[in-house]
Amino acid sequence: MPREAEPSLNERQFILQALQENLRLDGREFDQYRPLELTFGDQYGVADVTLGKTRVLAKASAEVTVPYVDRPLDGIFNIATELSPMASPAFEVGRPTETEVLISRLLEKTVRRSGALDTESLCLVAGQKVWSVRVDVHVLSHDGNLIDAACFAVVSALRHFRKPDTSMESGILTVYTPAEREPVALSWLHSPFCVTWSYFGDEGEIALLDATWREEQVRAGSCTISLNRHGEICQIAKLGGTPVEAVTLLQCTNTALTKVQEFSAFLDRKLAEDIKRRDKGGLMAELSAENDR
């Protein structure tokens, strides 16, 4: 199995020495993210997220299926991640790495188990037919902090997605095409985002936000905090590494809340821009034309 190219001893010492002097290789502050960009596709539910040189594509889809026996009133929601060799030579097709498993579990806890998507609203016929919503996450370029970028892509894709409208008459379910009826948005309850801190030093005294791939190679530990803009924590994942003081963790959580509120406002603005872009020549344009006349 291919291994990631580890930094040399000189590179490691250079990065750590720079951090001790309050410097990062790219000139950012310790609590500053790289430039975040979000692009929606022409099709509903496609979100392309770029965080620095890290790029993640998420695509949401839905189909009618049979519900689980133990949850006859709930729809089905799944997240599938794919890390291809295109993103990094360390990834192989069909052989999940530790990174891929970690991303899958964190996305599962953050988005699915936190109840962000109302699965009861996906039920069409109790015990017989429900919507199965699936989000496929494709990592196109890996330059560190995949978890935050992937989580932002998943939430963006789900909030942008529209499922076909349906109707029930005389026990017969009808699924309409977009040409027949306007697709409807998912029932979304809250927007959780991941914020990952990287710790450096023997006692983890240096904390960085949005570490690059080089910085991740030399860090002593990491902690991923998932929360929404209201400050409700969905999960905290501190998987091994150097221990972190409780006070440091509280400070990181407070900073994470500020970043999540910025993410939420950024996503709301991008969604509003996309709605305005799609509505050119639509109902709003028709109404404004009538007003002009």
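Going through T166, T253 one at a time, which residue ends up being under 23 Å from N22 (Cβ atoms) and not hydrophobic (A, V, I, L, M, F, W, C)?
Details: T166 fails: under 23 Å from N22 (Cβ atoms).
Answer to the check: T253.
Listed residues T196, T242; which is within 29 Å of P7 (Cα to Cα) and at pLDDT 90 or above?
Checking each option against the conditions leaves just T196.
Which residue, of T99, T81, T110, is in contact with a helix residue (DSSP H, G or I) (Cβ under 8 Å, 6 or more places away or on another chain) and assigned to a strand (DSSP E or B)?
Going through T99, T81, T110 in turn, just one is in contact with a helix residue (DSSP H, G or I) (Cβ under 8 Å, 6 or more places away or on another chain) and assigned to a strand (DSSP E or B): T81.
Just name the residue that is farthest from L158 (Cα to Cα) out of those in segment 72-128 that are of a type in the set (A, V, I, L, M) and in contact with a Lys or Arg (Cβ under 9 Å, 6 or more places away or on another chain).
As a first pass, look at segment 72-128 and keep what is of a type in the set (A, V, I, L, M): 73, 76, 79-80, 83, 86-87, 90, 93, 101-103, 106-107, 111, 116-117, 122, 124-126.
Subset that is in contact with a Lys or Arg (Cβ under 9 Å, 6 or more places away or on another chain): 76, 79-80, 87, 90, 122.
On the way: I76: 14, I79: 11, A80: 13, A87: 23, A90: 29, L122: 13 Å.
Per the stated criteria, the residue is A90.
Pairs under 7 Å by beta carbon, first residue among the aromatic types (F, W, Y) in segment 114-135, partner at pLDDT 90 or above and open to solvent by less than 30 Å² (accessible area, probe 1.4 Å), six or more apart or different chains?
Short answer, once both residue conditions are applied: W131/G75; W131/L122; W131/K163.
Any idea which residue in segment 152-180 is modelled with the lowest pLDDT, counting only those that are in a loop (DSSP other than H, G, I, E, B) and not hydroxyl-bearing (S, T, Y)?
Keep residues of segment 152-180 that are in a loop (DSSP other than H, G, I, E, B), which gives 161, 164-165, 170-171, 176-180.
If we keep only those that are not hydroxyl-bearing (S, T, Y) too, we end up with 161, 164-165, 171, 178-180.
Working: F161: 94, P164: 91, D165: 90, G171: 78, P178: 86, A179: 86, E180: 87.
The selected residue is G171.
Conditions tested, residue by residue: (1) closer than 30 Å to V218 by Cβ; (2) surrounded by 14 or more Cβ atoms within 10 Å (Cβ to Cβ); (3) touching a Gly at 6+ places or on another chain (Cβ under 7 Å).
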site: A90; (1), (2), (3): yes, yes, no
site: R95; (1), (2), (3): yes, no, no
site: T99; (1), (2), (3): yes, yes, no
site: G115; (1), (2), (3): no, no, no
site: E120; (1), (2), (3): no, no, no
site: W131; (1), (2), (3): no, yes, yes
site: D148; (1), (2), (3): yes, yes, no
site: A153; (1), (2), (3): yes, yes, no
site: S167; (1), (2), (3): no, no, no
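Only one of (1) of a type outside the set (S, T, N, Q); (2) out of contact with any helix residue (DSSP H, G or I) (no Cβ under 7 Å at 6 or more places or on another chain); (3) at pLDDT 90 or above is not met by E216, so which one is it?
E216 satisfies every listed condition except (3).
Confirm whether L19 is touching a strand residue (DSSP E or B) at 6+ places or on another chain (Cβ under 9 Å), of a type in the set (A, V, I, L, M, F, W, C) and either part of a helix (DSSP H, G or I) or under 30 Å from G127 (Cα atoms) (or both).
Numbers: touching a strand residue (DSSP E or B) at 6+ places or on another chain (Cβ under 9 Å): yes; of a type in the set (A, V, I, L, M, F, W, C): yes; either part of a helix (DSSP H, G or I) or under 30 Å from G127 (Cα atoms) (or both): yes.
Yes; evaluated as a whole, the condition is true for this residue.
Can you confirm whether segment 202-219 contains a residue that is in contact with a strand residue (DSSP E or B) (Cβ under 9 Å, 6 or more places away or on another chain), farther than 30 Å from W131 by Cα and among the hydroxyl-bearing types (S, T, Y)?
Taking segment 202-219 as the starting set, the residues that turn out to be in contact with a strand residue (DSSP E or B) (Cβ under 9 Å, 6 or more places away or on another chain) are 204-213, 215-216, 218-219.
Next, only the ones that are farther than 30 Å from W131 by Cα stay: 204-213, 215-216, 218-219.
Still in the list and also among the hydroxyl-bearing types (S, T, Y): 212.
Yes, segment 202-219 has at least one match.
Looking at D74, D70, D148, D118, which is the one that is acidic (D, E) and under 24 Å from L36 (Cβ atoms)?
Numbers: D74 fails: under 24 Å from L36 (Cβ atoms); D70 fails: under 24 Å from L36 (Cβ atoms); D118 fails: under 24 Å from L36 (Cβ atoms).
Answer to the selection: D148.
The values are calculated or read from the model by the stated rules, or taken from the named source; none is laboratory data. Since this is a predicted model, take the numbers as computed values, not measurements. As a convention, Cβ positions derive from the backbone with ideal geometry for all residues, glycine included, and neighbour counts pool all protein chains shown. Ligands, DNA and RNA are excluded from the accessible area calculation, which covers all protein heavy atoms including side chains. Shrake-Rupley method; radii C 1.70, N 1.55, O 1.52, S 1.80 Å.
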